[in-house]
Amino acid sequence: MTEAAVPAIQTTDPDRLSFQQGLRTALAAGLAYWITQVFQMPGGYWAAISAIVVMQSEVGATVAASRDRFAGTAMGGLVGWITALIRHHHIVLFALAVLVVMMLCSAFHFKNAGRLGGVTVAIIILIPHTGPVWHVALERFLEVSLGIIVSLAIALAWPAKPRT
């Protein structure tokens, strides 16, 4: 058998893939945070955190994580905003809001969105903010969405590839 007839064997070098994943994630987090600084968004760290959370080693997994993060943040922002309008910092209403957002995410079949929605509810209801609650909810949603978009763009432009 000639060399040309021998099929290429894919091997994965875990250290190389881990380094590549680290670079992709670091680039997404840094770029997301930088964009928030350019646009003077107050919670740029949420964009960076979201970029880190959704970046996976495979593009399909990044897309799924992004969808769940986006859905959870959107539903959590809406539920948190409505709950804060009723009464801010109330423990029972907070717990009920977390339950509601988790049930909504489950009803709409977003696998991991409930936890992320619960985090968004907690940020809106439990953390003291200045300004109107709708503005806080909208800022969180925009910052998180920016981090998701940056991670998706990097994952699609630079998919992790095993060495052949």
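Every number here is computed from the coordinates shown, using simple stated rules; none is lab data. Note that this is a predicted model, so its numbers are computed, not measured.
Membrane-span-like helices in the chain: DSSP H runs reaching 18 Å or more (Cα, own axis), mean Kyte hydropathy at least -1.0?
Working: long enough: 14-38 (35 Å, 0.16); 59-86 (40 Å, 0.94); 91-107 (24 Å, 2.95); 113-126 (19 Å, 1.91); 133-157 (36 Å, 1.67).
Membrane-span-like by this rule: 14-38, 59-86, 91-107, 113-126, 133-157.
So if I take the alpha carbon set of segment 1-158, get Rg, then get Rh from the Kirkwood formula, what is the Rg over Rh ratio? Intermediate values should be presented prior to the final figure.
On the way: Rg = 19.2 Å, Rh = 16.8 Å.
So for segment 1-158, dividing Rg by the Kirkwood Rh gives 1.14.
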